[in-house]
Amino acid sequence: QVQLVESGGGLVQAGGSLRLSCVASGSMFRVSTMGWYRQAPGKQRELVADITSGGTTNYADSVKGRFTISRDNAKNTVYLQMNSLKPEDTAVYYCNRKLLYLEVWGQGTLVTVSS
């Protein structure tokens, strides 16, 4: 059974940086598409960024140029480097794994950006 465990969230001032990590248990990590989503209070969950098994990345317009997604297949880990954080980036950030028709979510990590 695949499990995703996120870490790295916290409180940061506007303009600051955080790096989120997500470690996946189980096999098939290197052939999975990994993604980061976020959900702010009162809003729907939205895609922040994802990365395919081949390394192709995709970003929400709101984070382009500020966030970078990367993966380390040897460590079964996906990262989200977040720079120039804004108060509107405040949300619970969730790690996601997609493989064929299977989808797994992490428990989420809270990011709070103060103004």
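The values are calculated or read from the model by the stated rules, or taken from the named source; none is laboratory data. Everything quoted here is computed from the prediction, not taken from an experiment. Neighbour counts are summed over all protein chains in view; Cβ atoms, including those assigned to glycine, are modelled from backbone coordinates with ideal geometry. What goes into the accessible areas is simple: the full protein's heavy atoms, side chains included, and nothing from ligands, DNA or RNA. Shrake-Rupley method; radii C 1.70, N 1.55, O 1.52, S 1.80 Å.
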Response to the item:
The local net charge around residue 111, scoring Lys/Arg +1 and Asp/Glu -1 for residues other than residue 111 whose Cβ lies under 15 Å from its Cβ, equals +2
Fill in: Summed residue charge, Cβ within 14 Å of residue 40's Cβ, Lys/Arg positive, Asp/Glu negative
+1
Item to complete: Can you work out the accessible area per residue across segment 1-58, with the rest of the protein chains kept in place, probe 1.4 Å, in square angstrom?
Response: 56
Worksheet item: In segment 63-109, what chymotrypsin sites (Phe, Trp or Tyr not before Pro) fall in a loop by DSSP, with at most 16 other Cβ atoms inside 10 Å?
Response: 101
Discussion item. Given contacts defined as C-alpha pairs under 8 Å and at least six residues apart, what's the relative contact order of the chain, whole-number percent?
Written reply: 36
Discussion item. Taking 0.36 nm per residue of sequence separation and subtracting the Cα-Cα distance, how much length would be gained by fully extending the chain between residue 13 and residue 52, in nm to one decimal?
Written reply: 10.9 nm
